[in-house]
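What follows is one structure encoded as structure tokens, with my remarks underneath.
The values are calculated or read from the model by the stated rules, or taken from the named source; none is laboratory data. No experiment lies behind these values; they were computed from the predicted model shown. Cβ placement follows ideal geometry from the backbone for every residue including glycine, while neighbour counts extend to all protein chains displayed. All accessible areas refer to the heavy atoms of the entire protein, side chains included, with ligands and DNA or RNA removed. Shrake-Rupley method; radii C 1.70, N 1.55, O 1.52, S 1.80 Å.
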Amino acid sequence: MTDTVTNQRPAPTTFQRAVQDVEPLGLTPAGLQSSATLRRRRLAMLALNLGTLAALAAALARLLGIGGWSVTDAAILVAFLVAAPWAVLGFWNAVAGLWLLHARRDGLAEVAPFAAAAARSDPLMLRTAVLMTLRNEDPARAFRRIRAVKDSIDATGEGVWFDYFVLSDTSDRAVAEAEAALAEAWAAEIGEPARLTYRRRASNTGFKAGNIRDFCEHWGERYELMLPLDADSVMAGETVVTLARMMQAYPKLGILQSLVVGMPSRSAFARIFQFGMRHGMRPYTMGAAWWGGDCGPFWGHNALVRIAPFRDHCHLPVLPGGAPLGGAVLSHDQVEAVLMRRAGYEVRVLPVEGGSWEENPPTMLDYAQRDLRWCLGNLQYLKLLSLPGLKPMSRFQLVWAVLMFLGLPAWTLLVALLPLKVLADGAVPDYPAAFAAGLYLVFLAMYLAPKLAGFADVLLSREGTARYGGPGRFLASVGIELAFGFLQTTVSSFRTTRFMIGLVFGQARIAWNGQARDAHALSLATAFAGLWPQLLFGAYLFGSLAWLSPTILAWALPLTAGYVLAIPFAVLTALPSAGDWLARHRLCGIPEDFAVPPVLVAIGAGDAQAAMPAAGER
């Protein structure tokens, strides 16, 4: 690339100038929506959520007070009020998302009006840096992914506008040497040294956020946009270029987040998890974008970020106090999103699947460990709620991220108190069992609503089930995932509860290092060492409920079975043979399992399924 192109900064088009200063006119900063419209939507969602939560709390209070109020009753009600808002908002997001997907012809335009920019014929003129951040990851694996992204972008004909950076915080000398060798070989292959930069920091100050800030300070002036990728991220070139065109059309669009989904996996755990996660995320994100609008989410990767405002306005503070909640911000992404919005730039999500993938943890224990890192990072937001100048919606986002994890110990407490409540209500005459069962089922349906809406979306879409192997395989996969989801959620929520108790007493610590990404088996001893507390808690629940009321034990199985089955569940879902069996029978497959996109073929994704004939086809 010549110096002329390297330093080129295109003058804004007439269209761009027209949308640069529109906030005083009652529009969002990029001129995409009416601020009044977003305000009405947010007020409507607030009313729906508060009304629903109040109705559920009133119904629960009626049940709890039948035999007179006790400390146990009060604790159950408080725990419910802390835990339930996440499920209630998930329900209304799912309802709104499904409505937009099927009842509104212009559903996408309602939540992503900037998407029309992808169809514009303006030439791409913004320079983008594609960043991959590493810390003690498998070098060959990581480089294979970023090479595939580059090849895919080059295939669009727009590759001249993209340069590549491998930003290493690796502390392992052997791994660092392998990274440097791979970078040198790739640079020689490209033939243009300026197109690829490998940099390794001696210290991972600020963790991933510090790594990216170092890039912004040293190279940010050369680029308008950056595309952060994690070591397990992959994006199709067409998707990247489409997002870049949207960013070019709207100069006040600060962050544009793609909808990231899981990619094909040989792990049974990851395969089933991402099948459910994919369906839950689609309507949930669509509904959330409808009312979140210009205060959207940022997940830290697979998103285009405008460098200048990010560099100038999204510097993360060092939190007061000692570890674990003090020091550098760990979950940096949502904080950067609210700071970007405070700076007058929109943060948006494009809630459409296509061309943006990540890998999910291959075992239950790996998933729980990742969840603990997110938990600690989100709890740090408690120290950021008083940041000056944040939009009300931005403060809500931080509170919501905290509540996501505070709700888990609340649910664990509620379940732990269930035997005590059953014992206390045993002497209550004419207990309204039907009313209690109805309330339980209503709330269970609300909890499952995002996934159920995603499943309904597939069933309602033309040839929707064909992308998942046909209606029979799709419905069988739904059944497997629902059972899996109850078990997995129970196991991970109890682990997070234990971690948060440790935080209170200053005992919890989290190491940020390379993650396990490939399928691997778990020994019974390893699973027992990590999950024996779940088994012990489950023994208490099952023993007490079996003695007090076997009927209630049966009703509570979706919420309690995961405790006693945690160890065999973790071992079974990590077995390579279990993943092979699912792949061979085409169960819990995602569309990319049945038609592997070229960029995923390049990294070897989908090989496990492609190599195996379906059952009955041999």
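The selection criterion, being among the aliphatic types (A, V, I, L, M), surrounded by fewer than 21 Cβ atoms within 10 Å (Cβ to Cβ), touching a residue at least 12 places away in the same chain (Cβ under 8 Å) and at negative phi, holds for L503. Summed over segment 259-305, residues that are part of a helix (DSSP H, G or I) and without any contact (Cβ under 8 Å) to a residue 60 or more places away in the chain total 0. Filtering segment 423-441 to residues that are without any contact (Cβ under 8 Å) to a residue 40 or more places away in the chain and either charged (D, E, K, R) or in a helix (DSSP H, G or I) (or both) leaves D430, A433, A434, G438, L441. So, L414, is that one open to solvent by 60 Å² or more (accessible area, probe 1.4 Å), within 24 Å of T52 (Cα to Cα) and within 28 Å of the chain's Cα centre (by Cα) or not? Against the criterion (open to solvent by 60 Å² or more (accessible area, probe 1.4 Å), within 24 Å of T52 (Cα to Cα) and within 28 Å of the chain's Cα centre (by Cα)), L414 does not qualify. So which residues in segment 66-118 are out of contact with any helix residue (DSSP H, G or I) (no Cβ under 9 Å at 6 or more places or on another chain), modelled with pLDDT under 95 and of a type in the set (A, V, I, L, M), if there are any at all? Answer for segment 66-118, where residues must be out of contact with any helix residue (DSSP H, G or I) (no Cβ under 9 Å at 6 or more places or on another chain), modelled with pLDDT under 95 and of a type in the set (A, V, I, L, M): just A103. Candidates L53, L43, L25, L60: the one that is open to solvent by 70 Å² or more (accessible area, probe 1.4 Å) and at pLDDT 95 or above is L43.
Selection of first residues in segment 95-107 that are without any contact (Cβ under 8 Å) to a residue 12 or more places away in the chain and of second residues that are of a type in the set (D, E), restricted to Cβ pairs under 9 Å at least 6 apart or on distinct chains, gives the following pairs, ordered by first then second residue: R104/E110. Every condition in (1) under 30 Å from I146 (Cα atoms); (2) open to solvent by less than 60 Å² (accessible area, probe 1.4 Å) is met by D518 except one, and the failing one is (2). Here are some conditions: (1) outside any loop (DSSP other than H, G, I, E, B); (2) out of contact with any helix residue (DSSP H, G or I) (no Cβ under 7 Å at 6 or more places or on another chain); (3) not basic (K, R). P317 meets all but one. Which one does it not meet? Of everything listed in (1) outside any loop (DSSP other than H, G, I, E, B); (2) out of contact with any helix residue (DSSP H, G or I) (no Cβ under 7 Å at 6 or more places or on another chain); (3) not basic (K, R), P317 misses just condition (1).
Within segment 173-190, is even one residue part of a loop (DSSP other than H, G, I, E, B) and either touching a residue at least 60 places away in the same chain (Cβ under 8 Å) or under 30 Å from A521 (Cα atoms) (or both)?
no
Inside segment 121-144, residues that are basic (K, R), surrounded by 23 or more Cβ atoms within 10 Å (Cβ to Cβ) and farther than 29 Å from Y250 by Cα make up a count of 0. In segment 549-569, of all residues being part of a helix (DSSP H, G or I) and among the hydroxyl-bearing types (S, T, Y), the one that is most open to solvent (accessible area, probe 1.4 Å) corresponds to T551. Scanning segment 290-310 turns up at least one residue that is closer than 25 Å to R127 by Cα, open to solvent by less than 20 Å² (accessible area, probe 1.4 Å), of a type in the set (D, E) and in contact with a Lys or Arg (Cβ under 8 Å, 6 or more places away or on another chain).
Do the conditions hold for E353, that is, is it acidic (D, E), in contact (Cβ under 8 Å) with a residue 60 or more places away in the chain, under 30 Å from D457 (Cα atoms) and open to solvent by 10 Å² or more (accessible area, probe 1.4 Å)?
Values: acidic (D, E): yes; in contact (Cβ under 8 Å) with a residue 60 or more places away in the chain: yes; under 30 Å from D457 (Cα atoms): yes; open to solvent by 10 Å² or more (accessible area, probe 1.4 Å): yes.
Answer is yes for this residue.
Take M246 and decide whether it is open to solvent by less than 10 Å² (accessible area, probe 1.4 Å), within 14 Å of L131 (Cα to Cα) and either assigned to a loop (DSSP other than H, G, I, E, B) or in contact (Cβ under 8 Å) with a residue 12 or more places away in the chain (or both). When the stated conditions are applied, M246 does not pass them.
Residues that are open to solvent by less than 50 Å² (accessible area, probe 1.4 Å) and of a type in the set (A, V, I, L, M) were ranked within segment 419-444; the one that is modelled with the lowest pLDDT is V428.
The set of residues in segment 358-403 being outside any loop (DSSP other than H, G, I, E, B) and touching a Lys or Arg at 6+ places or on another chain (Cβ under 6 Å) consists of A368, S394.
Checked across segment 480-497, the condition of being over 22 Å from the mean Cα position of the chain (by Cα) and part of a helix (DSSP H, G or I) holds for no residue.
Can R213 be described as under 30 Å from D593 (Cβ atoms), in a helix (DSSP H, G or I) and open to solvent by 20 Å² or more (accessible area, probe 1.4 Å)?
Numbers: under 30 Å from D593 (Cβ atoms): no; in a helix (DSSP H, G or I): yes; open to solvent by 20 Å² or more (accessible area, probe 1.4 Å): yes.
Answer is no for this residue.
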